[in-house]
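Data block below; observations after.
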Amino acid sequence: MPPNRKSVMILRLAIVVVLALAGGAWFLTRPAPLAADALDGLIGDAANGAVIFAASGCASCHTAPGAEDEGLPVLAGGRTFASDYGTFMAPNISSDPEAGIGRWTDLELASAIQSGVSPEGAHYYPAFPYTAYAKAAPQDIVDLIAYLRTLPADASPSLPHDLDLPFRFRASLGGWKLLFASTDWVVPDPVSPEVERGRYLVEALGHCAECHTPRNALGGLQRDRWMAGAPAASGPGRVPNITTGGLSWSVDEVAEYLKSGFTPEFDTAGGEMVEVIKNTRQLSDADRLAIASYLAALPPLGPDS
Amino acid sequence: MMSITKAFVLSLSGLAFASLAHAQSADHSGAIKARQAHMTLYGTNLGVLGAMAQGNMPYDAEAATVAAESLVALAGIDQRFYWPEGSASGMAEGTRSMEAIWTDPEGFSAAQEALLIAATAMAATAGTGVEGIQAGMQAMGGACGACHQNYRVRQ
């Protein structure tokens, strides 16, 4: 074979390999919504949806900045979240047909919440904690959607995120999901039904780890440092370690904190935790105790070594 | 005798000058201690009410009323001397007071006003039974938390 024909062959082979790799990468990282039959047979119960809504902390991000706490939440969006990647803008998820989610189907909403995929088939940034919600029971998601549809419409348009250049390409989020999105429970064997309920509230709905667990260089949660505290996503200071290696409060004291916001010393929550307590105070005493019991059952972790 | 009076006046004005100089110096540790002590006093009185609300202490109408009225008194203190310019976190040592206290004085005093309103409501119901405390604790928690959310730096 003459040398020029050989090099053409090698070049062709290389193109095929590159295309195959790209095709494989595309296939593995493509935005994948929920299966078309994922919600079949499920009927939403808005009353339970209100509990799921509170437990999942939806209002903390999706109400407008400075919104009133009284009355039904207006999910107009507009809060900004500064991060190492740029500034994320919470979108309007009110029932408005134009600005909000009023025209989305249940399946589109469930795919957004649990798979992080938009109705147009694009990846969402994981500032939206769909990696946690992915663990939620389908019935609870359908209930949540039924509740969302009862909330007031607001016509404020969603604003685009303001991200640094390397993070503007949503296609790369498929790779991120492949690496870090997992529906495996961090605590595989809960010691009691109460801890199991707490695990559901913390790992699937409450997404506590998003702030209380440190992240690796690519922004994935370090599951071996679960709830061991982390640098704040924006601004100075740290989010505290809430394993028993960092927090000495009793189960009752943690439950009380989630109800009233008072620490055992009658200091109060500050920062983002004030918003979180507006949600947890709406839960039942049993659910707050379940969260506290789950935290008490976590492996105690010391400060960063 | 004149000289003694003169010396006295002189020493008085010297004292006044010294304290003025002290107020103008960058050492705000006294003011920072004062505001932290004020917070501790809230905590002491809230602790009595909280223990009753949580069932860790038997309900005592008189103790509850005393604690709640103390909170009203504390929340009503004019705190202007606690917050000298330049005593924010990042400017002075040992404080988590956010610069927003000085850049948003209206918001800060509205937050203090909200605490006074919550404490006054608590004082009105604290003597009527444990339910009266429980409702008040929620409002107190909200008022304390709102201020800590916006005006205190994370640990």
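The values are calculated or read from the model by the stated rules, or taken from the named source; none is laboratory data. As the structure is a computational prediction, the values presented were derived from the model and not from experiment. All Cβ positions, glycine included, derive from the backbone under ideal geometry; neighbour counts span all protein chains shown. Ligands, DNA and RNA are stripped out before the accessible areas are found, and what is left, the full protein with its side chains, is counted by its heavy atoms. Shrake-Rupley method; radii C 1.70, N 1.55, O 1.52, S 1.80 Å.
Of note:
- Peptide B:42-54 is shielded by partner chain Cβ atoms: per residue, an average of 3 of them sit within 10 Å of its Cβ.
- In range of the label at B:Gln36: residues from the stretch B:62-95 whose backbone nitrogen is under 16 Å from the point 7 Å along Cα→Cβ: B:82-84, B:87-95
- The GluC sites (Glu not before Pro) found in the stretch A:235-299 that occupy coil by DSSP, while having at most 16 further C-beta atoms within 10 Å, are A:Glu265.
- Under 17 Å from B:Lys33, Cα to Cα: aspartates and glutamates that are on another chain or at least 8 residues apart: A:Asp267, B:Asp78, B:Glu85, B:Glu93
- Sites B:Ala110 and A:Ile10, calculated FRET efficiency, Cβ-Cβ separation with R0 60 Å, nearest 0.05: 0.25
- Largest mean-square fluctuation among A:Val191, A:Val251, A:Val142, in a Gaussian network model of chain A whose springs join Cα atoms under 10 Å apart, belongs to A:Val191.
- Each label point was placed 7 Å from the Cα along the Cα-to-Cβ direction; for A:Ser158 and B:Asp27 their separation is 5.7 nm.
- Net charge dipole, the stretch A:46-180: roughly 420 debye, given to the nearest 20, about the Cα centre with Cβ charges of +1 for Lys and Arg and -1 for Asp and Glu.
- Under a 5 Å amide H cut-off, with hydrogens placed 1.01 Å from N, A:Val239 pairs with A:Ala230, A:Ala232 among residues at least 5 apart or on other chains.
- When chain A is treated as a Gaussian network with alpha carbon springs shorter than 10 Å, the biggest mean-square fluctuation among A:Gly71, A:Gly44, A:Gly23 belongs to A:Gly71.
- For the pair A:Leu165 and A:Leu28, a Förster radius of 22 Å applied to the C-beta separation gives a FRET efficiency near 0.35, rounded to the nearest 0.05.
- Selected from A:Ala153, A:Gly66, A:Leu107, residue furthest toward positive end of dipole (the stretch A:46-180; charges at beta carbon): A:Leu107
- Highest average first, the peptides B:142-149, A:230-237, B:94-101 ordered by how many other beta carbon atoms sit within 10 Å of their residues are B:142-149, B:94-101, A:230-237.
- Net dipole in debye of chain A [+1 Lys, Arg Cβ; -1 Asp, Glu Cβ; about Cα centre; nearest 20]: 1700 debye
- Distance between the 7 Å Cα→Cβ label points at A:Glu70 and A:Glu98: 3.1 nm.
- The 1.4 Å probe gives accessible areas that order B:Asp104, B:Asp27, largest first, as B:Asp27, B:Asp104.
- Annotation for the stretch A:70-135: GluC sites (Glu not before Pro) lying in DSSP loop with at most 14 further Cβ atoms inside 10 Å of their Cβ are A:Glu70, A:Glu98, A:Glu120.
- B:Ala61-A:Gln222 FRET efficiency (beta carbon distance; Förster radius 51 Å; 0.05 resolution): 0.50
- Mean per-residue shielding of peptide B:135-143 is 4, counting Cβ atoms of other chains within 10 Å of each Cβ.
- Number of partner chain Cβ atoms within 10 Å, mean per residue of B:89-98: 1
- In a simple Cβ point-charge model (Lys, Arg +1; Asp, Glu -1; nothing else charged), the stretch A:193-297 has a dipole of about 340 debye relative to its Cα centre.
- Loop GluC sites (Glu not before Pro), the stretch B:21-94, which have at most 16 other Cβ atoms in a 10 Å radius of their Cβ (DSSP): B:Glu85, B:Glu93
- C-alpha long axis of helix A:285-297 to longest principal axis of chain A, angle in °: 60 degrees
- Spin-label proximity, A:Gln139 to the stretch A:96-114 - amide N less than 20 Å from point 7 Å beyond Cα toward beta carbon: A:106-107, A:110-111, A:114
- Between A:Leu283, A:Leu201, A:Leu179, the residue with the greatest mean-square fluctuation in the GNM of chain A (Cα pairs under 10 Å linked by springs) is A:Leu179.
- Over the protein assembly as shown, dividing the summed -39,500 (n - 2.57) contributions of all DSSP H runs of at least 4 residues by the number of residues returns a 222 nm mean residue ellipticity of -15500 deg cm²/dmol.
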